[in-house]
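Please read the structure below before turning to the comments.
The values are calculated or read from the model by the stated rules, or taken from the named source; none is laboratory data. Worth saying up front: this structure is predicted, and the values here are computed from it rather than measured. So basically every Cβ, Gly included, is an ideal-geometry build from the backbone, and we count neighbours across all protein chains shown.
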Amino acid sequence: MSKKVLCELCPTECLLEDYQVGGCRARINKGGVLYSLVYGKPCSVAIDPIEKKPFYHFLPATTAFSIATAGCVLGCKFCQNWQISQAKPEDTDNLDLPPDEVVRQAMLNNCKTITYTYTEPTVFYEYMYDTAKIARNFNVKNTIHTCGYINEKPLRELSKYMDAADVDLKAFTEDFYNRICGGRLKPVLDTLVTLRQEGVWLEITNLVIPTLNDDAKTIKKMCMWIVKNLGADVPIHFSRFFPYYKLTNLPPTPVETLRDARSAAMDAGLRYVYIGNMRSEAENTYCHHCKQLLIARIGYAVTQNNISGGRCKFCGAAIPGVWG
Amino acid sequence: EPKKAMFWRNTDEA
């Protein structure tokens, strides 16, 4: 048997020699067998509002038991969690928290959801998969916040147990993904289409970075692609950039840029367009039919909810999402 | 105990 291993989890597809660790830092070839280095060893565990993920159309005002291990499949220069995403698992402080204990802790803390988040959950695929299977048996929902850089086969297998996904669509050019993230755009678009096909509730986050991906024409083109391939009901969150990691030379995103992005998205036909990382009326949900205020938010707090049985209280229109 | 990973294969490719 060959001792070389080809990892087929993400599009990078690392070819690993004996005792070589993958680019994600989370998988190792030992004697021709690939092992996870992070199974049951989260470096981050927290209880968050589901709105923080951000999910705005998925069980609003509930809490999510959130876990992450070290490692990532990309190397974004603007990463807000680079201390753990760009770290080796042996360099982070890890807990011993097996899958059944994750579910038990979530239930003890009245969390409706377990969210795989903070770093890139693809790198702890086996841990997430086993946890999600147990959670499904106990009627705890599973959600993922991902960069979408995962191959189709593992994604379809995971989708059997995933209730919702928030995918970072970081830009709409191959150049950005190549230069800024060390990846490719095409696999991320494929992931979005696959998740939609598999019936996983989908929301999209786009971090708007001054000078790098804030061109209104490209944003509109991206939104038109979303409408055509995923539908007009997919909520999109334009998130405000703040200088982090290797991009501290850039300023925070101007408010006007975010408002322009929102206008471009609505012009393209998207019905639910939000602005994140910034307080404004654009963090509220309005009915696409009668334009009445449905969910009022201040940051992560829901202050008003006018959705009943998945419908607008005012006009009765069905509101896309998972409401209870 | 180390956890065996999913989605990989042995290869002789260079």
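Quick notes on this one:
- Per this entry, A:Tyr35 is not counted among residues that are among the aromatic types (Phe, Trp, Tyr) and closer than 30 Å to A:Asn109 by Cα.
- Among residues of the stretch A:4-19 that are over 14 Å from B:Ala5 (Cβ atoms) and more than 11 Å from chain B (Cβ to nearest Cβ), those with a beta-carbon under 8 Å from a residue that is of a type in the set (A, V, I, L, M) and surrounded by 17 or more Cβ atoms within 10 Å (Cβ to Cβ) at least six positions away or on a different chain give the pairs A:Pro11/A:Ile150; A:Thr12/A:Val73; A:Tyr19/A:Ile28.
- Meets criteria (more than 27 Å from A:Pro98 (Cβ to Cβ) and either modelled with pLDDT under 95 or not small (Gly, Ala, Ser) (or both)) for A:Arg156: no
- Residue match in the stretch A:90-100 (condition: surrounded by 24 or more Cβ atoms within 10 Å (Cβ to Cβ) and touching a Gly at 6+ places or on another chain (Cβ under 9 Å)): no
- Condition check for A:Leu189: surrounded by fewer than 22 Cβ atoms within 10 Å (Cβ to Cβ), under 23 Å from A:Cys76 (Cα atoms) and either of a type in the set (A, V, I, L, M, F, W, C) or out of contact with any Leu (no Cβ under 9 Å at 6 or more places or on another chain) (or both): yes
- Just one residue in the set A:Val73, A:Val38 is touching a helix residue (DSSP H, G or I) at 6+ places or on another chain (Cβ under 9 Å), among the hydrophobic types (A, V, I, L, M, F, W, C) and closer than 30 Å to A:Leu250 by Cβ; that residue is A:Val73.
Conditions (1) closer than 17 Å to A:Pro60 by Cβ; (2) in a loop (DSSP other than H, G, I, E, B), marked per residue:
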{"site": "A:Cys223", "(1), (2)": "no, no"}
{"site": "A:Pro243", "(1), (2)": "no, yes"}
{"site": "A:Pro251", "(1), (2)": "no, yes"}
{"site": "A:Ala261", "(1), (2)": "no, no"}
{"site": "A:Met266", "(1), (2)": "no, no"}
{"site": "A:His288", "(1), (2)": "yes, yes"}
{"site": "A:Val302", "(1), (2)": "yes, no"}
{"site": "A:Pro320", "(1), (2)": "yes, yes"}
{"site": "A:Gly324", "(1), (2)": "yes, yes"}
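- Qualifying residue in the stretch A:54-67 (condition: among the hydroxyl-bearing types (Ser, Thr, Tyr), over 27 Å from A:Pro252 (Cβ atoms) and in contact with a Ser or Thr (Cβ under 6 Å, 6 or more places away or on another chain)): no
- Among the residues of the stretch A:58-71, those identified as more than 14 Å from A:Thr115 (Cβ to Cβ) and either surrounded by 23 or more Cβ atoms within 10 Å (Cβ to Cβ) or among the polar types (S, T, N, Q) (or both) are A:Ala70, A:Gly71.
- Members of the stretch A:20-43 that are more than 30 Å from A:Glu101 (Cα to Cα) and within 7 Å of chain B (Cβ to nearest Cβ): A:Gly32
- Considering residues of the stretch A:163-181 that are assigned to a loop (DSSP other than H, G, I, E, B) and surrounded by fewer than 24 Cβ atoms within 10 Å (Cβ to Cβ) only, the residue nearest to the other protein chains (Cβ to nearest Cβ): A:Asp163
- Taking each residue of the stretch A:301-324 that is under 26 Å from A:Gly199 (Cα atoms) and looking for partners that are charged (D, E, K, R) with beta-carbon atoms closer than 6 Å, six or more apart or interchain, yields A:Asn306/A:Lys313; A:Ala318/A:Arg311; A:Pro320/A:Asp233.
- Of all residues in the stretch A:271-285 being within 19 Å of the chain's Cα centre (by Cα) and assigned to a loop (DSSP other than H, G, I, E, B), the one that is farthest from A:Leu207 (Cα to Cα): A:Tyr272
- Only a single criterion out of (1) within 27 Å of A:Lys220 (Cα to Cα); (2) within 14 Å of chain B (Cβ to nearest Cβ); (3) in a helix (DSSP H, G or I) is not satisfied by A:Ile150, namely (3).
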